[in-house]
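Down below is the structure, laid out as structure tokens.
Every number here is computed from the coordinates shown, using simple stated rules; none is lab data. Note that the coordinates shown come from a computational prediction; the quantities given were computed from them, not determined experimentally. For neighbour counting, all protein chains shown are included, and Cβ atoms are generated from backbone atoms with ideal geometry for every residue, glycine included.
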Amino acid sequence: MFFPCDFKAFHSRTQTDQKSRERHQVLSPVNMATGVDQAVGMGLVLFSLSLFSYYSVWVIVLPFMDSDHILHKYFLPREYSVILPGIAAVVLLLLIGTFTAAVVWMNHKPKKAD
């Protein structure tokens, strides 16, 4: 099936868009992550990965192992597997609420009296 198309107009429009993108893509420190940023990011990723692995083994694997297994000495009692994430969730919600309240309070403009 044939669809009529103006290939010259499409090609020139594509070239113009590409030139425009090239003009706006300036490599500056604002657009690029420094070595320190990358190191901090990698540290956060590794910390999150290790925390996720620890918690997954604690909650998923340990209940199926004997209570006298040597692996149990590296983990807290099972009650904490619910308590600690609950406390972390409450703290996170409090921080988000505090941040939101601070932003709203800072951007609040008093109403003019008519």
| task | Take the stretch 27-80, compute every pairwise Cα distance, and split them into 10 Å bins from 0; I just need the percent in each bin. | result | 20, 33, 19, 15, 10, 3
| task | Sort 86-93, 105-112 for me by packing, meaning the mean count of neighbouring Cβ atoms within 10 Å per residue, highest on top. | result | 86-93, 105-112
| query | So between residue 42 and residue 92, what do we pick up on full extension, going 0.36 nm a residue minus the alpha carbon distance? | reply | 15.8 nm
